[in-house]
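What follows draws every value from the coordinates through simple rules; no lab data is involved. On a predicted model such as this, the values are computed, not experimentally measured, just so you know. Note that each Cβ is placed from the backbone with ideal geometry, even for glycine, and that neighbours are counted across all protein chains shown.
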Amino acid sequence: QVQLVESGGGLVQPGGSLRLACAASGPFFNANAMGWYRQAPGKQREFIGGITSGGNANYAASMKGRFTISKDNAKNMGYLQMDSLEPEDTAVYYCRGLGPYVTSWGQGTQVTVSS
């Protein structure tokens, strides 16, 4: 059973950047789509964007411009590059396999944007 584990979160100042990582326990991204989500305190989990097995990335309309999704099939890694971070980006960030193999939700990684 493949699991995805998020990492790279932390405290960052407004305007800063952060790159989150999504590690698969085995070969995964070459054959499966992956998505990034986030959940802010008191809010529902929301979709940020995803990347297909072929490497095409797409984003929720509200997320376009500051977030970039990428992957490295050889390393079994996915990434979320976040730039120009704002306090409103504070949330727990999750990655998830979207198919054909759909993974369970992991623990996520906390991102806090604050001065």
Once normalised by the length of the chain, the mean sequence separation of its alpha carbon contacts under 8 Å that are 6 or more apart gives a contact order in percent of 38
Between residue 102 and residue 25, the two model label points (7 Å from Cα along the beta-carbon direction) sit apart by a distance in nm of 1.9
